[in-house]
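The values are calculated or read from the model by the stated rules, or taken from the named source; none is laboratory data. Please read all numbers here as calculations on a predicted model, not as lab measurements. Please note: Cβ atoms are built from the backbone with ideal geometry, for glycine as well, and neighbour counts cover all protein chains shown. All accessible areas refer to the heavy atoms of the entire protein, side chains included, with ligands and DNA or RNA removed. Shrake-Rupley method; radii C 1.70, N 1.55, O 1.52, S 1.80 Å.
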Amino acid sequence: MKKFYAQTMPEAMLQIRQELGEEAVILSQRMITTKKFLGLVTTKQFEVTAGIDEVVKPVFDKTADFPTAVLPKQEMQVQPQPVATEQTQELRNEIADLKAMVQSMSRQQEQTKYPQELVALLQYLKQQELDDELITYIGDELFIHLRKHRNVTTAILRQEAKRILADKLKHLPFGACDASIRYVNLLGPTGVGKTTTIAKMAARTVLEQKKKVGFMTTDTYRIAAIEQLKTYASLLQAPLEVVYTSSDYAAAIERLQTQERIFIDTAGRNYKEARYIEEMKKLVSFTEETETYIVLAATSKQQDMCQIIDQFQELPFQKFVFTKLDETDSIGTIVNLMVKYNKGLAYYTSGQEVPEDIEEASIEQLMTLLFQGDIT
């Protein structure tokens, strides 16, 4: 633990991050008064106590020909790991929840110390359901910007916030797959609109890229889904293969060899259950010519979406597709998930019309959607 002193909380937070890193936790904070010049001048500043888990530092063996890092003896012995029981797991979860609550309270206290010019913008990002970590990150960067520039307007702050967040996402892939991809898998739970979305993607591929497309579906649990995809395939004059087993899958791939791009619609199931993921791994192939998207509804709770994505982590997926943007006023969750899982964004949809209600994602368009509301 260490104490930090600064005139404002944002200044203190910058000191803490620079010295202790992003994992530091604020333990206490208070305002202290200092008197100078025989008590004639009084100044106030924040005293913030922060801490971080201790890291075992290596000890270098100076007697060796080359310095060799050696851990303390007690660290060198491999100790048997205790088997986690249900009670210990519950305790770990409670500790994690408590730590998250303390960090959240600290961030809320910190945000109240930002200059008034930033308060409205940060409150807007909170309404957009952007994670507190990202809001704090943006707030700190904007605070530094305010100290360097004068007469900064709300419009300038908005543009600077866009730039800051865009820089954090710029390494992620955006938009449709490139020409080398022949197979596009769509994964996701039931009710998010995978079948309609895959039809929109295929229609755009036919109309804009003039490619020959084919369909495969493993969703044999819902007759309505197969009939719906048959209708879209007929309109696009594209072949459709229904797959029940892994041998069916291989045969369908062989029959669709003349198609330039094949869109694969998978079954919508409760993917919180791991056994469905195992079924998917056995049935669907993931090759270098394949790009896989997870389709999620923007109206879902972030916690529920995280549970689904965590199950899909065993499968090699590259990007998200978000549906139902027309049914929500906040899209911060999209950004949160991209940052959390380090995955890109292929498309987002906002209606049932095929192929109109789908947009190929770009970082510029995502920033426009996030900041399009009124900041007052």
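Data for the structure
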| quantity | calculated |
| --- | --- |
| Whole-Hz ³J(HN,Hα) from phi, Karplus 6.51 cos²θ - 1.76 cosθ + 1.60, for region 127-136, glycine and proline x | 5, 6, 6, 6, 4, 4, 4, 5, 4, 4 |
| With all protein chains modelled, accessible area of residue 30 [1.4 Å, Å²] | 130 |
| Solvent-accessible surface (1.4 angstrom probe) belonging to residue 164, in square angstrom, nearest 10 | 10 |
| In Hz, Karplus ³J(HN,Hα) per residue of region 184-196 (6.51, -1.76, 1.60; θ = phi - 60°; x = Gly, Pro) | 10, 8, 10, 10, x, x, 5, x, 8, x, 5, 5, 5 |
| Largest to smallest accessible area among 126, 148 [probe 1.4 Å] | 148, 126 |
| Theoretical FRET efficiency, 1/(1+(r/R0)^6), r = Cβ-Cβ of residue 33 and residue 374, R0 41 Å, to 0.05 | 0.55 |
| Overall Cα dimensions of region 189-319, principal axis frame, Å, largest first | 40, 32, 30 |
| In sequence order, calculated HN-Hα J values of region 255-260 (Karplus, 6.51, -1.76, 1.60; Hz; x Gly/Pro) | 6, 9, 4, 7, 7, 7 |
| All-pairs alpha carbon distance profile, region 303-376, 10 Å steps from 0, percent | 16, 49, 30, 4, 0 |
| Pair residue 5, residue 154: separation of 7 Å Cα→Cβ label points (nm) | 3.9 |
| Region 229-376: relative contact order as a whole-number percent, Cα under 8 Å and 6+ apart | 16 |
| For region 200-313: accessible area per residue (Å², 1.4 Å) | 49 |
| Residues with amide H under 5 Å from that of residue 292, placed H, sequence gap 5 or more | 185, 318, 319 |
| For region 134-244, alpha-carbon Rg over 2.2 N^0.38 Å | 1.68 |
| Greater than 18 Å apart at Cα, pairs in 162/200; 194/230; 126/324; 168/340 | 162/200; 126/324 |
| Accessible surface of residue 14 - all protein chains present, 1.4 Å probe, nearest 10 Å² | 40 |
